[in-house]
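K.L.:
The structure under discussion is supplied below as structure tokens; questions concerning it will follow.
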Amino acid sequence: MDPDSWLAGHAPQEGSWWPEWAAWLAAHSAPKVSPPAIGDSLGRAPGDYVMMR
């Protein structure tokens, strides 16, 4: 379908499309989970990988 045909078949709507997008994402996404613990799994700053040759 070309853009002009699509536009002709849809009436303008007030407001933002973000709430609709967020609702669609929520319906099609896995449940939220807690983030992993940060801890010191990255090592000391600036990072050991910087010191590697």
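The values are calculated or read from the model by the stated rules, or taken from the named source; none is laboratory data. Since we're looking at a predicted model, the values are computed, not measured.
K.L.:
Of everything in the range 1-24 that's charged (D, E, K, R) and assigned to a helix (DSSP H, G or I), which residue is nearest to the chain's Cα centre (by Cα)? Quick ask: steps written out before the conclusion?
P.N.:
Quick first cut of the range 1-24, residues charged (D, E, K, R) only: 2, 4, 14, 20.
Those left that are additionally assigned to a helix (DSSP H, G or I): 4, 20.
Details: Asp4: 29, Glu20: 14 Å.
Per the criteria, the residue is Glu20.
K.L.:
Taking into account only those residues within the range 25-53 that are more than 21 Å from the chain's Cα centre (by Cα) and not in a loop (DSSP other than H, G, I, E, B), which is modelled with the highest pLDDT?
P.N.:
Residue satisfying both the conditions and the ranking: Val50.
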